[in-house]
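One structure below.
None of the figures in this text is laboratory data; all of them are computed from the coordinates on show. A quick note: this is a predicted structure, and the numbers were derived from the prediction, not measured.
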Amino acid sequence: MKSAKPGDSTSGVELQNVSSHGIWILVDDQEHHLPFEQFPWFREATVAQLSDIRCPRAGHLRWPALDVDLTLDSIVNPEEYPLVSRGMVES
C-alpha cells in the first residue's frame with residue numbers, strides 16, 4: 001500500500017513578528033527580516049495571511065493567501081534579485 005503524497009511542509013517555518021517596518025520569519029532555526037520596503041506584498045496583509053507560510057520544497061517559501069512565492073536566497077541576498085514589484089513602480 002502506498003501512502004498519499006504529503007502536503008506542503010509547515011514545520012521549520014514560522015512567523016515570528018510583525019511591525020510597521022516588516023515581518024520576521026523563522027526558517028529552520030534562522031530568523032530573517034523581510035522589510036516592507038523590499039517585500040511590499042506583505043504590508044497590507046493580515047496576521048492570518050502572513051502566518052500561513054508553506055515550504056513546498058527546501059529553500060522555497062509560499063504564502064498561498066497572498067499568492068507570494070519566494071526563495072530563501074532572495075530573502076538572504078536581496079541585492080542579487082533586483083526586480084521590483086509592480087506595486088512599487090509608478091504608473
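Answer rounded, prolate or oblate for the stretch 13-83, using the Cα gyration tensor with square roots of eigenvalues a ≥ b ≥ c: rounded when a/c is under 1.5, else prolate when a/b is larger than b/c, else oblate.
It comes out rounded by the Cα gyration axes.
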So how much slack lies between residue 60 and residue 79, counting 0.36 nm per residue of separation and subtracting their Cα-Cα distance, in nm? 5.1 nm
